[in-house]
1. Return the pairs, sorted by first residue and then second, in which the second residue is part of a loop (DSSP other than H, G, I, E, B) and polar (S, T, N, Q), the first residue lies in the stretch 151-178 and is without any contact (Cβ under 8 Å) to a residue 60 or more places away in the chain, the beta carbons are less than 9 Å apart, and the residues are 6+ apart or on different chains.
2. List the helices (runs of 4 or more DSSP H) inside the stretch 168-249, counting only whole elements, that have at least 1 residues being among the charged types (D, E, K, R).
3. Take the residues in the stretch 41-69 that are surrounded by 14 or more Cβ atoms within 10 Å (Cβ to Cβ) and within 30 Å of the chain's Cα centre (by Cα); name whichever of them is modelled with the highest pLDDT.
4. Given the conditions (1) modelled with pLDDT of 80 or more; (2) closer than 25 Å to PRO661 by Cα; (3) among the aliphatic types (A, V, I, L, M), which single one is not true for VAL761?
5. Cβ contacts < 6 Å: first residue under 13 Å from ALA693 (Cβ atoms), restricted to the stretch 253-267; second residue basic (Lys, Arg), any location; separation 6+ or different chain. Result?
6. Restricting attention to the stretch 765-787, report how many residues are touching a strand residue (DSSP E or B) at 6+ places or on another chain (Cβ under 6 Å), surrounded by fewer than 20 Cβ atoms within 10 Å (Cβ to Cβ) and not hydrophobic (A, V, I, L, M, F, W, C).
7. Looking for something surrounded by 10 or more Cβ atoms within 10 Å (Cβ to Cβ) and touching a residue at least 60 places away in the same chain (Cβ under 8 Å) - is there at least one such residue anywhere in the stretch 304-311?
8. Pick from SER529, SER424, SER454: which is hydroxyl-bearing (Ser, Thr, Tyr) and touching a helix residue (DSSP H, G or I) at 6+ places or on another chain (Cβ under 9 Å)?
Amino acid sequence: MEATWDINFTSQFEKDAKRLDKSGLGGWLTGLSFLKDGPKVDNKQLKALKKQSKAFRWRKGDLRVIFRVVGQSRSILLLAARHRKDVYKKPPSDKQEIAGSFDELLVRMHSNKSLNDEKYKVSAMQNAMKNAMQKALIFTPDNGQAELEEIFIDEADLFLLDIPQEYYPLILDVKGLSSLEGKGIPSSVKRRLEDYLTAPSTDHIGKIYSLDQSNDIDAIANHTLDRFLVSLDPQQKSIVEKPFDGGPWLIRGGPGTGKTLINLARIKRIYQEGIGDDLLQHGSIKTGFITFNKQLSKSAEAMFKAISVDSSGGDVSFSTLDSLVMSLLGNAGKESKVVFEKEQAAVLNLVMGSVNDERWDEKYISTIQQRRGSSFILEEFDQIILGNGLTKEEDYLSFTRKGRKVALLSKERGLIHRLYRLWSKEMTRRGWSTFAGRRLTVERMIYQGQLDISRNCYDYLFIDELQDLSVTAIRLLAHLVKYPKNLTFTADTAQSIYLKSPSWSNISNNIRFHPGNSFILRKSYRITSEIDRAVKPLRLNAGDTEKDNDGIEQTIFSGEKPCWLNCSLDNHPSAAAELSKSLIKKDINPGQIAIITPDKKTTDLVQQALSSYGVPSDVFQKNRGLDINSKAVHLLHAHVVKGLEFPFVIVTGIVEGKYPPYSAVQAAKDNVQLEETMDKARRLLYVALSRAARGLWMLTDELMPSPLLTYLNQEDWTYREKRVNSTLKKPYEIKSHVSGIQYACGEIILSQYFQVGDILVTNREKNNIHDSNAIFLTHNKKKIGYIPRDLAALVANVIDQGMNVYVRIICINDSSLYSGLT
């Protein structure tokens with residue numbers, strides 16, 4: 001029969017084949033040649049999952065060969081070949097790239113000569129296949145001894161179904177459910193498997209949430225969040241089980257890959273297995289878990305308690321970076337007060353007039369403040385100068401400012417550093433400091449031997465959310481572990497506030513990463529392929545090369561498309577409450593649901609709406625972590641959700657003025673700064689949306705759309721509208737404050753003076769790149785400015801329907817104008 005299927009293999013399969021060959025098991029490989037005619041197997045037509053290629057197993061005695069069939073391309077990929085006792089202990093490698101063709105592998109296995117000569121290559125292949133076939137007669141499929149069968153369920157399914165791991169080998173090695181009889185597997189487990197395999201849904205998530213809940217106390221829908229967050233998937237388990245020598249370790253991965261859980265599970269191993277006992281001179285092993293903010297630290301501590309019921313003898317501390325810095329400073333830290341942008345900007349404005357350097361005249365100094373703005377200059381102090389320890393002007397001038405899109409001339413840099421030194425001196429005089437300044441102070445003191453850290457050093461240190469730490473912060477933490485090999489970092493650079501990966505050579509000579517101690521988690525067992533596809537366009541990687549990309553390449557499970565729900569912003573709280581109520585009616589534990597809001601005001605409104613619908617809620621508090629045992633809907637701000645995951649997520653307020661905030665847009669002095677602002681908002685929205693694992697709802701308002709929505713592909717979403725009547729049926733009056741907002745085009749709202757009673761004409765500007773609802777005003781046919789965006793979002797619909805809208809000046813109060821629309 002003519003061969004019509006391509007057979008390829010992975011690098012892991014080749015390693016397995018060579019290992020079996022060395023053990024004396026030869027000839028089996030050529031026995032797989034029959035697959036060129038396509039896999040023919042007598043199966044019971046189990047309902048296949050949508051868009052999934054099928055997995056098969058070829059068994060002969062104690063040998064198991066696992067391969068995957070991709071029907072569309074008529075190809076077969078050989079994944080693993082091991083003895084029965086080994087094949088289910090270690091799943092096939094995450095890297096399932098094709099390493100070569102089946103015929104090439106035969107030649108590699110049966111010839112040691114070079115294949116550079118093409119004529120010899122053909123001859124060698126023919127001879128190798130002939131010799132191998134002679135050895136493999138007993139393995140041919142038509143002799144009745146070997147069996148080929150479809151794998152009716154795989155390890156990923158068992159993880160999703162929350163099947164206890166002790167049953168994995170028994171379940172994975174049988175032909176079907178009927179073969180489980182007499183294997184000692186509980187009836188509840190068999191019932192769950194049967195319900196899952198025969199469920200009418202065509203996606204994974206639909207199947208697990210359609211399981212019979214009434215007869216199963218441990219039903220998946222009834223779980224609180226702790227069960228979801230602390231279950232190790234096969235990919236995570238493979239990293240957790242790696243030895244502790246050979247560090248330091250770097251674990252990277254996108255949302256839903258469980259980087260934090262890996263750290264916590266490895267901490268658990270330290271105490272359960274007595275790892276590091278050889279380091280003991282007195283007392284217990286000291287382990288630290290450090291992350292960027294208090295909420296993440298508290299949540300990680302709660303997760304650790306959930307997986308470590310007994311960590312007796314363990315000295316584990318969970319802390320934020322700045323809490324650790326404060327404890328290291330001791331009384332010295334209490335002598336200064338941390339101040340924020342308002343106070344910092346006041347000091348900057350003060351020192352602007354005291355530069356007194358012939359390199360810059362007063363006009364140039366005034367110009368740079370107008371061009372760049374106080375916020376930009378303070379960020380340059382914080383992120384670049386203090387964040388990298390560039391207290392010397394020459395170091396700052398020669399530094400490559402990774403991550404900042406706004407280029408600075410050498411003359412500008414010199415002035416900014418001069419301003420920094422004056423600003424720093426005045427801050428010190430006032431007894432003020434910043435978090436970045438404190439970190440640099442402590443790092444310098446440790447480096448110069450001025451600070452005793454002997455009691456604060458860790459035997460093992462786990463650093464979470466590395467992407468949020470500056471170079472100075474990482475240097476500081478590297479000082480706090482006794483042996484650099486016992487450092488572990490986790491990161492997702494697409495969520496970085498510093499935008500670029502650090503250069504490790506600038507941090508420590510003892511920290512180097514290579515394929516042996518650096519891993520990228522390319523699979524996600526949490527987020528569905530549909531959610532991943534929908535939110536991925538928002539993802540911004542840390543750099544331009546493949547090594548900077550931590551993104552997910554393979555999502556294991558399928559589900560429904562996420563929902564893009566369009567309704568009035570005023571209706572977002574009630575819409576979120578309705579969605580939560582509908583999920584709870586499906587017997588889903590409220591603790592599996594999170595509602596993510598852009599600010600506290602929205603949070604309060606959503607909480608009120610939930611209460612009116614009788615839905616319990618738990619507002620995320622700054623001083624305590626996420627309550628992973630709660631049976632209430634979680635309410636969180638977008639700025640604190642990084643590192644957290646939930647089965648079902650509703651994100652509200654994705655509108656103009658929230659993503660990005662009006663204040664940030666107004667602070668941008670030019671298009672480059674505006675682009676930087678947009679990127680920050682884009683990363684924040686990506687973080688918010690990617691917290692969802694199994695179901696996602698995004699709430700927007702078409703009258704005031706966020707500009708970030710243009711990055712998304714609407715075909716990846718199920719689009720729904722919950723319309724409200726926003727059309728003006730008859731003339732009426734609205735009072736609205738009109739402020740002097742500066743637009744990128746250089747015009748200021750109401751840029752000339754008027755008298756009470758003057759009438760202004762509204763005009764639509766649909767091609768405005770900043771606001772699709774933009775409305776400008778004219779007076780005597782002269783364009784004089786724009787009406788506020790929130791009001792334009794309402795009025796644009798009226799003008800577009802052919803109605804005339806005029807503005808009558810009814811009050812003038814200093815620089816603020818109040819107008820009525822008639």
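1. LYS175/ASN43
2. 187-198, 204-208, 225-229, 234-240
3. ARG68
4. (2)
5. Listed by first residue and then by second, the contacts come to GLY256/ARG526.
6. Pass one, the stretch 765-787, residues touching a strand residue (DSSP E or B) at 6+ places or on another chain (Cβ under 6 Å): 765, 775-779, 783-787.
Okay, now just the ones that are also surrounded by fewer than 20 Cβ atoms within 10 Å (Cβ to Cβ), so 765, 778-779, 783-784.
Pick out the ones that are also not hydrophobic (A, V, I, L, M, F, W, C) and you get 765, 778-779, 783.
Of the residues in that region, 4 qualify.
7. Yes: the stretch 304-311 contains one or more residues that are surrounded by 10 or more Cβ atoms within 10 Å (Cβ to Cβ) and touching a residue at least 60 places away in the same chain (Cβ under 8 Å).
8. SER424
The values are calculated or read from the model by the stated rules, or taken from the named source; none is laboratory data. None of the values given here were measured: they were computed from a predicted structure. Every residue, glycine among them, receives a Cβ derived from its backbone with ideal geometry; neighbour counts consider all protein chains shown.
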